[in-house]
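This report concerns only the one structure given below.
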Amino acid sequence: PICQTHQVTRVELDVLLFLYNNPGYDTARDIVELRGLAKSYVSKAVELLRSKGLLEAQEDFQDRRVFHLCILPAADTLVLQAKRAQEDFFSLLFQDIPARDRETLRRVLRKISDNLQEAL
């Protein structure tokens, strides 16, 4: 529903949420590597978000090949609604699961992810 209301694709929304949730990881490369999305999807989503005035790309001062992505104020309502929906989903998902069990799950998933990264 959020995508339809704001006329964005799921990948565009994923890009915005990634940038919002991960300060300091603000390049397309970060999104590809950490979120596991295809480079072509991220590239297209970034261009569409830029054309809609929701995102801007600022050239890195030290490396002109790198662009840092910044969410623009025009995306604030969209991002906050999506973040709220994301939080509601996780609340539902982890309902009645004790904090210690959630932490165990996080540790196990982190280890699985590390193992996959080493294998690749």
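The values are calculated or read from the model by the stated rules, or taken from the named source; none is laboratory data. This structure is a prediction, so every number in the text was calculated from the model and none was measured. Backbone-built Cβ (ideal geometry, glycine too); neighbour counts: all protein chains shown. The accessibility values were calculated without ligands, DNA or RNA, using every heavy atom of the protein model including side chains. Shrake-Rupley method; radii C 1.70, N 1.55, O 1.52, S 1.80 Å.
Filter segment 46-72 down to the residues that are among the basic types (Lys, Arg) and free of Cβ contacts under 8 Å to residues at least 40 places away in the same chain, then identify the one that is nearest to Leu17 (Cα to Cα). My answer is Arg50. Of the set (1) part of a helix (DSSP H, G or I); (2) within 23 Å of Pro1 (Cα to Cα); (3) open to solvent by less than 40 Å² (accessible area, probe 1.4 Å); (4) of a type outside the set (Asp, Glu), all apply to Lys44 but (3). The residues listed here are Gln58, Gln62; of these, the one that is over 17 Å from Arg10 (Cβ atoms), in a strand (DSSP E or B) and open to solvent by 80 Å² or more (accessible area, probe 1.4 Å) is Gln58. Within segment 83-101, the residues that satisfy the criterion of being outside any loop (DSSP other than H, G, I, E, B) and within 21 Å of the chain's Cα centre (by Cα) are Lys83, Arg84, Ala85, Gln86, Glu87, Asp88, Phe89, Phe90, Ser91, Leu92, Leu93.
Please pick out the residue among Leu34, Leu80 that is modelled with pLDDT under 95, among the aliphatic types (A, V, I, L, M), assigned to a helix (DSSP H, G or I) and open to solvent by 70 Å² or more (accessible area, probe 1.4 Å). So that I can check it myself, show each step before the final result.
On the way: Leu80 fails: modelled with pLDDT under 95.
Result of the check over Leu34, Leu80: Leu34.
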